[in-house]
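The values are calculated or read from the model by the stated rules, or taken from the named source; none is laboratory data. Predicted, not measured: the structure shown is a model, and the values here were computed from it. Neighbour counts run over all protein chains shown; Cβ positions are idealised from the backbone, glycine included.
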Amino acid sequence: MTIFSGNIKKMAVDVNADNLAQYQLKVGDNKLNMNDVIGKHISVNYESTINCVHCGRKTKKSFSQGYCYPCLTKLAQCDSCIIKPEKCHYDQGTCREPEWGEANCLQSHFVYLSNTGNAKVGITRFVTDGVSSRWIDQGASQAIPILRVHNRLMSGLVETALKAQIADKTNWRKMLQGEAEPIDLIALKETLLKNAATELNALQNEYGLQSMSSIESDIIDIAYPVESYPTKIKSINLDKELGFEGKLQGIKGQYLLLDGDRVINLRKYSGYHLDIEIQ
């Protein structure tokens, strides 16, 4: 039996040589390899303590997946334009933290297509060794970068132009119900770009020829460490249940899949102080 205790953050993700998702959960000062826990009994206890993931302040309620209210209202990374990048307002001189905006928003971004049960469009800053951590966080079984743009605002404007044809959100319930049927994302890319050509050309004319460029890429397949999927999903709410236990049957996205068709999105509980026992 091993016990870990401390505040958690969303699971750090990567892939191995076979593109199987790898998960590490930070619990206090410890890093727990969650792939090694699959098939084992896990017990989690929550004692109603939350600390902000940014400043460490104790807070009664978590906002935006781990922040206290003061940080929610002052940090650029908590501004509404993070959720809606097409509303980035750095060029208007109203960014909450200009230095943070320069380091994070005024950098190249990628517009991508992925398969999370259904095809969706999204944006990401990094595609490391061909794989973005964002794809894993969303439980994508396939993904492909389609455009590179020069900043976050442009990524949001391009995504807006494309999402008239395709979803931009993950249906998390469908994502957790099994392996997704393969989608020809390359053919979909060609269709989407063709149908949105007028809007994309207008953006390029406004922001410059170098603001957007097409990417040629093969479809990237991602596998997940799942022994069995739930048939009827029952979501665990730590604020009400104060804990859970059972056999860990798999991990997909940021969700733990337990026996009894139970699932929990650990990212939602970033900053929560948990006692985790593994047998």
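Scan region 37-54 for residues that are surrounded by 13 or more Cβ atoms within 10 Å (Cβ to Cβ) and either at positive phi or free of Cβ contacts under 8 Å to residues at least 40 places away in the same chain (or both) and the total you get is 1.
Within region 193-219, the set of residues being more than 22 Å from Ala164 (Cβ to Cβ) and in a loop (DSSP other than H, G, I, E, B) comprises Gly208, Glu216, Ser217, Asp218, Ile219.
Please enumerate the residues belonging to region 121-155 that are of a type in the set (A, V, I, L, M, F, W, C), part of a loop (DSSP other than H, G, I, E, B) and without any contact (Cβ under 8 Å) to a residue 60 or more places away in the chain.
Step one: list which residues in region 121-155 are of a type in the set (A, V, I, L, M, F, W, C), which gives 121, 123, 126-127, 131, 135-136, 140, 143-144, 146-147, 149, 153-154.
Next, from what is left, pick out any that are part of a loop (DSSP other than H, G, I, E, B): 126-127, 140.
Within region 121-155, Phe126, Val127 qualify.
Within region 220-236, does at least one residue satisfy the condition of being in a helix (DSSP H, G or I) and surrounded by fewer than 21 Cβ atoms within 10 Å (Cβ to Cβ)? The answer is no; no qualifying residue exists. Just so you know, in region 155-188 the residues that are within 20 Å of the chain's Cα centre (by Cα) and farther than 21 Å from Ile83 by Cβ include one that is surrounded by the fewest Cβ atoms within 10 Å (Cβ to Cβ), and it is Glu179. Condition check for Lys232 on (1) under 30 Å from Asn33 (Cα atoms); (2) modelled with pLDDT of 95 or more; (3) basic (Lys, Arg): one failure, at (2). For the residues Cys71, Cys81, the requirement of being outside the structural domain of His150 (by TED's automatic domain parsing), over 25 Å from Val158 (Cβ atoms) and not in a strand (DSSP E or B) singles out Cys71.
Across region 84-99, the qualifying residues are those that are on the phi < 0 side of the Ramachandran plot and part of a loop (DSSP other than H, G, I, E, B), and the one among them that is surrounded by the most Cβ atoms within 10 Å (Cβ to Cβ) is Cys88. For Arg152, indicate whether it is surrounded by fewer than 18 Cβ atoms within 10 Å (Cβ to Cβ) and either farther than 30 Å from Val37 by Cα or assigned by TED's automatic domain parsing to the domain that holds Val121 (or both). No; evaluated as a whole, the condition is false for this residue.
Only one of (1) surrounded by 12 or more Cβ atoms within 10 Å (Cβ to Cβ); (2) touching a residue at least 12 places away in the same chain (Cβ under 8 Å); (3) within 23 Å of Phe110 (Cα to Cα); (4) outside the structural domain of Val37 (by TED's automatic domain parsing) fails for Lys252. Which number is that? Going through the list (1) surrounded by 12 or more Cβ atoms within 10 Å (Cβ to Cβ); (2) touching a residue at least 12 places away in the same chain (Cβ under 8 Å); (3) within 23 Å of Phe110 (Cα to Cα); (4) outside the structural domain of Val37 (by TED's automatic domain parsing), Lys252 breaks only (4). Scanning region 26-35 for residues that are exposed (fewer than 12 other Cβ atoms within 10 Å of the Cβ) and not in a strand (DSSP E or B) returns a single hit, Asp29. Residues that are within 14 Å of Val121 (Cβ to Cβ) and in a helix (DSSP H, G or I) within region 156-189 comprise Gly156, Leu157, Val158, Glu159, Thr160, Ala161, Leu162, Leu185, Leu188, Lys189, listed in sequence order.
Listed by first and then second residue, the pairs linking a residue in region 91-106 that is within 19 Å of Thr73 (Cβ to Cβ) to a residue that is among the aromatic types (Phe, Trp, Tyr), with Cβ atoms under 9 Å apart and 6 or more places separating them unless they lie on different chains, are Pro98/Tyr90; Gly101/Tyr90; Cys105/Tyr90.
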